[in-house]
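To start, the structure itself, in structure tokens.
The values are calculated or read from the model by the stated rules, or taken from the named source; none is laboratory data. Since the model is a prediction, treat every value here as computed from it, not as a measurement. Every residue, glycine among them, receives a Cβ derived from its backbone with ideal geometry; neighbour counts consider all protein chains shown. Surface accessibility is based on the protein's heavy atoms, side chains included, excluding ligands, DNA and RNA. Shrake-Rupley method; radii C 1.70, N 1.55, O 1.52, S 1.80 Å.
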Amino acid sequence: VGSLMGCYMAMSLASKHPQRVKFMVLTNPYLWKDDAVAKAKREAESAGENMSDGQWGFLADGSHFTNVWDARKAWLSPELNTRCTLDDCTYRMKRNARYQLGVNIQPPQ
């Protein structure tokens, strides 16, 4: 069972170990087309968040959370956006530690 970021982890594990997976239940998987991803990266970088080098940090005024929230507020309900924001921020905070251990959620392209 996977929800939001858990969907991608479940799919990644299933693709690496298909013999161990009978079925998956994925809730709230969202997939962006390549052009939408490029647009989101441009918008994030213009807002001062550099996504290309894997760095993401805390800002003294807490706006790092509102920046993540604002990216989806126009099209997600507040409840789902809260879950997405928590998942996204947790992913970003732990990303560098995962990379140092050689753990990648998505295969390199």
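Worth pointing out:
- The range 87-101 residues that are without any contact (Cβ under 8 Å) to a residue 60 or more places away in the chain, paired with ones that are surrounded by 16 or more Cβ atoms within 10 Å (Cβ to Cβ) and among the aliphatic types (A, V, I, L, M) (beta carbon under 7 Å, 6 or more apart): 89/68
- All conditions in (1) at pLDDT 75 or above; (2) surrounded by fewer than 14 Cβ atoms within 10 Å (Cβ to Cβ) hold for residue 88, with the sole exception of (2).
- Of all residues in the range 21-70 being hydroxyl-bearing (Ser, Thr, Tyr) and open to solvent by less than 80 Å² (accessible area, probe 1.4 Å), the one that is modelled with the highest pLDDT: 66
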